[in-house]
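Right, one structure below, let's go through it.
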Amino acid sequence: YQRRVHGYSTASIFGKRILQLKPEGDLAKKTKQVIQFCDKNPSDSIKLDYDHKNIFVVCGYDFVPIYKGSSSITCSYCHCSYLPKHKGRLCQICNIGEISSKTFKGVKFIRNSKD
């Protein structure tokens, strides 16, 4: 079963961001075609929790945007961002650190050089 989600406005925004990266060849050509099609049908059938004009990071637990200025906490080890409701849980990215407002300091990675 395949369901099509008509997210033309959002696809156009993503396509324009891809073109800002200056892709080469076939990717640039296909992206321009998608943008042209999407700009003729500027609508989204499903509303996304996404504001392309606002800087954000993605919550490592819920995979939702955490916009600049919103409260967030990080993993004590890898510094992945999370919503405050996940405080005290194990980081879903590194599976090492605790999600908290504290940072784990003092870890040094030392490379043995055997010449």
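FYI, it's all coordinate maths here, none of it is from the lab. From a predicted model like this one, the values you see are computed outputs, not experimental measurements. Cβ coordinates were reconstructed from backbone atoms using ideal geometry, including for glycine residues, and neighbour counts include every protein chain displayed.
Things to note:
- Across the stretch 86-91, computed HN-Hα scalar couplings (Karplus, 6.51 cos²θ - 1.76 cosθ + 1.60, θ = phi - 60°) run 9, 4, x, 7, 6, 4 Hz from first to last residue, x flagging Gly and Pro.
- Applying both filters, DSSP loop and at most 12 other Cβ atoms within 10 Å, to the trypsin sites (Lys or Arg not before Pro) of the stretch 1-31 gives Arg3, Arg4.
- Relative packing of peptides 41-54, 82-95 - highest average C-beta neighbours within 10 Å first: 82-95, 41-54
- Projected label points at Lys87 and Ala28, each 7 Å from Cα along the beta carbon direction, are separated by 4.9 nanometres.
- Hull-based mean projected area of the stretch 1-76, where the convex hull spans the alpha carbons, in square nanometres: 7.7 nm²
- In this structure, the amide hydrogen of Val58, modeled 1.01 Å from its nitrogen in the peptide plane, lies closer than 5 angstrom to those of Ile66, counting only residues at least 5 positions away or on a different chain.
- In whole angstrom, the stretch 1-42 maps to an equivalent ellipsoid with semi-axes of 20, 12, 9, each derived as √(5λ) from the alpha carbon gyration tensor and ordered largest first.
- Proximity of backbone amide H atoms, modeled 1.01 Å from N, is registered between Cys78 and Gly97 at under 5 Å, excluding neighbours fewer than 5 places apart on the same chain.
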